[in-house]
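The values are calculated or read from the model by the stated rules, or taken from the named source; none is laboratory data. Everything numeric in this text was worked out from a predicted model, so none of it was measured. Using ideal geometry, Cβ is built from the backbone for each residue, glycine included, and neighbour counts are taken over all protein chains shown. Side chains included, ligands, DNA and RNA excluded: accessible areas come from the protein's heavy atoms. Shrake-Rupley method; radii C 1.70, N 1.55, O 1.52, S 1.80 Å.
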Amino acid sequence: MKTTVRSRVRRPLRETAVAAAALAVLFTGAACGADSDAEAGANSAETLAVETDQGTITVPADPQRVVVLNASLAGYLFDLDVPIVAADTRMIGVNTDGDEFPPSLDDSATEQGTEVLPAASEIPVEVVASYDPDLIIGGGQGFTGVLSVEAYDQLAEIAPTVLVPNSAADWQDQLEFVASAVGRSDQVDTIMDSYRDRISEVASAITPPEGQVAYILTTSDPSTVTMISATAALPEMMNEIGFEADADVWDKAGNPELYGTGDSFQFSLERLEQAVDAPVVFVIALDGGRTAEELAADPVYARLPAFQNGNVYDLPATSFRPDFRLAMDTLDIVEAQFG
């Protein structure tokens, strides 16, 4: 099966993310003694300015004590070799109860000595302050991203606070934004190269089933159907390796309200057969959600074409809204399933 891999996997940043990340290159530095102007250039810069939804934030050019308020952003900082003193550990698809790091972050956190930020229904501002951070990074997607937006004014009194806009909906956009905020934009291409290489390897190694693909996101509420938008991070990555997402699934579902950054939507069971007529289905079970096998035992789902022809597959909850590390893990899983 011929699979075409784009020469540049990273898509252009959305308008808000462009404004937030691409302009983060305004440096202010201090000259060293009587040295030349060249020696007082970018290499001696002490701060940089980052354009965010909250305005222009002046941050350290080389932060050494970062507190991260969204675990889904911590992996980028670890990969960029930025010291994290503490981080929230709650991540969608990982049941750690907020008291330990997810497996994808655990080794890096141990190596750096990163501490667990207590999980709570609001940002523990006093605890954040106790770490004496020189930079706070939050925002992004999910519950903890919302909490950091709500606490922004308090956090900004502690240290420069950069919130990743939720318009940076996929991990490539998030990586670029975070890298610009910590003065590590020059390392992004290396990370992206490893991803592009892995995309090519997996695309060459697998044989996807024929036909378009729909992505069902199961939750603890079986009375409605939740699906992942065809333009969300997971389907777009899967497109790269030969799984063509059904681009019309949202229209077939009656154009329901899109949630969060537009990466998912819900509709009634009455529309299920109309919406999910793709011959291939991936099931992503969130906490309390049903697996592919469990859905197959439900007569409502069992009538769908993909269930009838046996082309229904599970993917882990961590594949929904993945960071770089979880995207790579998902590629490993898909290679094992279809290689």
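Measuring nothing but how far apart in sequence close Cα pairs (under 8 Å, 6+ apart) lie, relative to its length, the chain scores a relative contact order of 17 percent. The charge dipole of the chain, taken about its Cα centre with unit charges on the Cβ of Lys, Arg, Asp and Glu (plus for the first two, minus for the last two), comes to roughly 900 debye. The calculated P(r) of segment 172-225, using every Cα pair and 5 Å bins from 0, goes 4, 14, 13, 11, 12, 14, 15, 12, 4, 0 in percent. Taking Lys and Arg as +1 and Asp and Glu as -1, the other residues whose beta-carbon sits under 11 Å from that of residue 289 total -3.
Sequence-distant contacts, meaning Cα pairs under 8 Å at least 6 residues apart, place the relative contact order of segment 186-242 at 32 percent.
Got a sec to turn the phi values of segment 162-175 into Karplus ³J(HN,Hα) couplings, 6.51 cos²θ - 1.76 cosθ + 1.60 with θ = phi - 60°, whole Hz, x for Gly and Pro? Computed from phi, the couplings for segment 162-175 are 10, 9, 5, x, 6, 6, 7, 7, 10, 5, 4, 5, 5, 4 Hz.
About its Cα centre, segment 95-166 has a charge dipole of approximately 280 debye under the convention of +1 per Lys or Arg Cβ and -1 per Asp or Glu Cβ, with nothing else charged. Mean projected area of the Cα convex hull of segment 93-251, taken over all directions, amounts to 12.3 nm². Ligands, DNA and RNA are left out, and with a 1.4 angstrom probe the accessible area of the chain is 44 Å² per residue. Rounded to whole numbers, the Karplus 3J(HN,Hα) couplings from phi for segment 240-256 are 5, 10, x, 9, 7, 5, 6, 6, 9, 5, 5, 4, 4, 7, x, 6, x Hz, using 6.51 cos²θ - 1.76 cosθ + 1.60 with θ = phi - 60°, and x at Gly and Pro. In segment 77-187, the ratio of gyration radius to Kirkwood radius, Rg to Rh, stands at 0.92 when only Cα atoms are counted.
Across the chain, the longest run free of exposed loop sites, meaning GluC sites (Glu not before Pro) lying outside DSSP classes H, G, I, E and B with no more than 11 other Cβ atoms within 10 Å, spans 1-121. Rounded to the nearest 500, the helix-only mean residue ellipticity at 222 nm of the chain stands at -9500 deg cm²/dmol, with each DSSP H run of n ≥ 4 adding -39,500 (n - 2.57). The angle between the Cα long axis of helix 324-338 and the longest principal axis of the Cα atoms of the chain comes to about 30 degrees, rounded to the nearest 10.
For segment 289-300, putting each phi into the Karplus relation 6.51 cos²θ - 1.76 cosθ + 1.60 with θ = phi - 60° gives couplings of x, 8, 7, 4, 4, 5, 5, 4, 7, 8, x, 5 Hz, in residue order, rounded to whole numbers and with x for Gly and Pro. One quarter of the surface of the convex hull around the alpha-carbon atoms of segment 140-195 equals 4.3 nm², the direction-averaged projected area. The alpha carbons of segment 102-164 occupy a box of 32, 25, 20 Å along the principal axes, longest dimension given first. All alpha carbon pair distances within segment 269-339 were sorted into 10 Å bins beginning at 0; the resulting P(r) in whole percents reads 19, 46, 30, 6.
One compactness figure for the chain is 1.06, namely its Cα radius of gyration divided by 2.2 N^0.38 Å. Taking the 1.4 Å solvent-accessible surface of segment 140-292 as the whole, the part contributed by carbon and sulfur is 46%. Here's the picture: charge each Lys and Arg Cβ at +1 and each Asp and Glu Cβ at -1 in segment 75-226, and of 143, 218, 159 the one pushed furthest to the positive end of that dipole is 218. With respect to the chain, whose longest principal axis is taken over its alpha-carbon atoms, helix 103-112 is tilted by about 20°.
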